[in-house]
Each structure stands twice: as C-alpha cells, then as structure tokens.
1. Taking a label point 7 Å from the Cα of residue 15 along the Cα→Cβ vector, which residues of the range 75-109 have an amide N closer than 13 Å to it?
2. Evaluate E = 1/(1 + (r/R0)^6) for residue 315 and residue 75, where r is the Cβ-Cβ distance and R0 equals 41 Å; express this FRET efficiency to the nearest 0.05.
3. Picking from 197, 152, 112, whose Cα lies most toward the positive end of the charge dipole for the range 105-259 (charges on Cβ: Lys, Arg +1; Asp, Glu -1)?
4. Check residue 282: other-chain or 5+ apart residues with amide H under 5 Å from its amide H, H built from backbone geometry?
5. For the chain, take the longest principal axis of its alpha carbons; what is the angle in degrees between that and the long axis of helix 364-373, to the nearest 10 within 0 to 90?
6. Could you list the trypsin sites (Lys or Arg not before Pro) in the range 1-85 that lie in coil according to DSSP, counting only those with at most 15 other Cβ atoms within 10 Å of their Cβ?
7. Under a cut-off of 22 Å between alpha-carbon atoms, report the lysines in cross-link reach of residue 322, not counting same-chain residues fewer than 8 places apart.
8. For the pair residue 276/residue 259, report the inter-label distance in nm, with labels modelled 7 Å from Cα in the Cβ direction.
Amino acid sequence: MWGGRFGAPPDPRIRAFTRSFPFDRRLVRWDLVGSLAHARMLLEVGVLDRESGEAILQGLAGMLRDVETGALRVEGEDEDVHSWIERTLAERIGEPARRLHTARSRNDQVATTLRLYVREAAERVVEHLLEVVEVWLDQAQEHLETVLPGYTHLQRAQPTTLAHHLLAHAWALLQDADRFRRVHRVSGISPLGAGALATSPYPVRPERTAELLGFEGIFPNSMHAVADRDYVLEALFACAVLQVHLSRWAEEVVLWTTQEFGFASLDDSVAGGSSLMPQKKNPEAAELIRGKAGRAIGALTAVLVALKGLPLTYNSDLQEDKEPLFDALDTVSGSLQAAAVLARGVRYHPDRMRTALHGGFLTATDLADYLVRRGVPFRTAHERAGRAVREAEGRRVELWELPLEVLRSCCPEVGGDVSEVLSPEGSVHARTVAGGPAPHRVVEQLERARAVVEGVRRWRRSCAPPPIYTAYREGRLLAEQL
Ligand code: ARG
C-alpha cells in the first residue's frame, strides 16, 4: 500500500507489532459503507469517471454483500482492515480499485468508520438497557406494597418498598440511556474529507458524504477531525458508568441471596454450582457483572492516557483506541443481556423482608416526626425518640410494642394514635412526598419511568441506517437521485 518509497520490506516482527488487522477486522462493514459514500461522492463531483466509479461502487457492494452473508472471510496478512478492503477490491475489479483512495487518507477514513461503529453500538446498548429496565419496572408493579428495610451505611435505616428500591436502579440506567444518546449525537460529525490532516485539492464535498452516511454535521477543522477521539472517550465513559450501575445492582443480588439476608433467591437457570460442595448455589452471573466494571473503567483509563500529550494530528497511538473501545462495548452489551435474564430469575421473599423490619427500630424517625407534629422542636424530638429506642432495646421489644405509659415516660406528647405511625407500613404510607415510597407516589413514579422508556424507544426507532447503506440494500447505489 505504501511500498514505493521503501527499499526493503518491514521487519516481520515490526509488522506483526504494528498491524491492527487482527482487531480492526470487525470494522469491515462500516469501512465498506464509508468507502461507498466516498466513492459515490467522488463520482458525483467528477473526480471519478463514470466507468471507474461504477466499477468501484459495484465492487464494494459485492464485497459488503459477501461479508454479510459470510461468503467472504475477512482474513489475510494485511496491515489493517483498510488495506484488506483495497486489496480485495483490486482482486475483484482490477485497476479502478487503485482510484478509490483519491482525496482520502486512512486518517479520516478510520475516524469515519469508528464513528459509524460507535453509533450503531450505542443504539444496540440502549436496546439491551431497556430490556433490563422493563424487567425492573414489571417487578416494581408487583411489589408496590412489599415493605423492606432501606439501608444507609448498610445498616437498617427506614422502611421502604421493593418497588421504590427497584425503581432506584431503573432511574440510574435511564440516565445511562441518556448518556448513550449523547454518545450517538457527538459521534454524528463526519470527518470524511479531512484527508491526512489538511483536506485535499479536489472538489470533494464533505457535506455530501456526511449526508450519505447519516451524519448530522461535518468537521469544522480538518486537523481536529483526524486528531479528535472525544466520541471514543464519551462512549467509554458511558460504558464505565453503566457498568458501575450494573455492578451496584449485582452486588445487591449477591447480598440479598445470601442466607444471612435471604431477601431473594435465584432461579436454578441463573445460578452456578460448586464442583466440590454439593449444596452450593452461587450468584456467578451477578459476580461477573460486578467484576466486569473493572474492565470498563480500565478501558476508559487506557484511552485517556493514550491521548494525553499527543501532538496534533494523527499519531499511531490513536490505533490504541480500538481494543479498549471494543472491549468496553462488548462488556456492557454482554452484561446487559445477562442482567436481563438474571433479573428475571431473581425470586423475592417478602416474608424475609418483613422479618428484617424487626429489631432495627426503623421507625424511630417517624416517632420523632410525630412529636414534631405535636409542637416539639426536631432536635428535642430526636433525643426523646432516641430514649424510646433505648427503652425498647433494653426490653427486647419493637417500638410499637412498648406499653404506652413507657413510651410516654420518654415522649410525654405521645397519644393513643402513635401505634400506626410506628408500624413500617404506616411509615411508608406517610411518606407521600413526590418521589417518595408511598405506594400511590410510586405508581406515579412508575408511570413517569414508563414515559421515559417510551421516549427512549421513540428515539431508537428514529435512528435510521445511513442512506448509502439503505441504497446498497435496495440496489440503488447507481441511482440518479440518492
Ligand atoms: N490502523 C490505523 C488506526 O487504527 C488506521 C489509520 C492508519 N493511518 C496511518 N497514517 N498509519 O488508527
């Protein structure tokens, strides 16, 4: 591909070290699509003559078709996917293939391809993500009245409901959906036409290739176009945060399925066993989802560090963006798909949750709030409720089991109506603030979450494949109007 200036072939070890084909082969479809747009534009502006242009378009389309059907294997000793495409095209159509790289460099080519790849990956991640969210929303619907302890510092804190708890995880993932939509948007700037760094002297039309590829905008600066990897960083950040969210949920699956907690157990189909201990049932999928957060965070770190201190414009260091990016996207997609199945296989045990509401004095705050309603300053109420807790602890009873006169000795303002306030259900039902755990508020929250899900789905449906790809599918690459 660049032999003219060289008197000797590269040392085999250097070549093996510098080539990217083993991992950038997976870009082949998008690299072919980018090439289709480039060739079509070159033909339209007359840089390519009719005969060469048509031969190239037909040749690339044939390769794309054969790659998609599996008839053409993407393999060989090539340096990277770009040179593989050029070599294979030349084998198929001969001389015109040597004109395809006019007015383009691998620098703008690879950035274009990677952006197309990231956009499709972001769409896929969002689909998998919604599947997990849907499971949680359905389970929340079933558990609006299932009361369990909410925790701070992993100590029992205040009563909440399972629905409210599951929705907390759902909202975190919906924020991730938003981040992936942003990734999709920032990746929608076409670098094609920037060339190596300084465009080219041909009458190329970057806005036309952008349009053919479904990008919303074109590069404002050709040097920035080939040096910029912010869209990779943003994708990696979105992956890292999403994987961290999944790991926090997975940790709770691990914790809740312990015998100590017992809030849930796993369906056999989503659990693992032990080769030695016959009785074991391990939450392996949850542990792996948790563990893979390290990979996603590592990938973000790797690319940030690779970019740090790079001079403008393209440097081979940029080739190091691909493996971490692919790994992070694979990790997130795989984890989401496993999470959807795992979440469906979690069996909740409301009876155990109910038992856990005992012994922790979870409604001590409610007692203090009750006193506040009777005119006691909160700080004083806090102190008195604390005394009642000490009293109950000494007698080994629940707050609501304290005889009224004992309760009154700590909190003189207490009336006969206090027992309802001190029950976990009473506590949950009293918290009627929007976004709180009172069941009717959680019903509203659920509706709100479903509306957000619908908005994300609508966005996903609005993501069309690049027009040039649609034209290829419909056999219209040579159509007059495109
Ligand atoms: N394999 C390269 C990459 O992934 C493609 C661009 C190579 N450009 C170059 N001037 N060597 O970044």
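1. Taking a point 7 Å out along Cα→Cβ of residue 15, the residues of the range 75-109 whose backbone N falls under 13 Å are 76-80.
2. Values: r = 28 Å, r/R0 = 0.67.
Rounded to the nearest 0.05, the efficiency is 0.90.
3. Most positive-ward Cα: 197.
4. Counting only residues 5 or more places away or on other chains, the set is 272, 273.
5. 70
6. Numbers: sites: 5, 13, 15, 19, 25, 26, 29, 40, 50, 65, 73; in loops: 19, 73.
Those that pass, being in a loop and sparsely packed, are 73.
7. Within the straight-line cut-off, residue 322 pairs with 292, 308.
8. Result: 1.7 nm between the two label points.
The values are calculated or read from the model by the stated rules, or taken from the named source; none is laboratory data. Worth saying up front: this structure is predicted, and the values here are computed from it rather than measured. Glycine gets a Cβ as well: all are built from the backbone with ideal geometry, and neighbour counts include every protein chain shown. These accessible areas exclude ligands, DNA and RNA; they are computed on the full protein's heavy atoms, side chains included. Shrake-Rupley method; radii C 1.70, N 1.55, O 1.52, S 1.80 Å.
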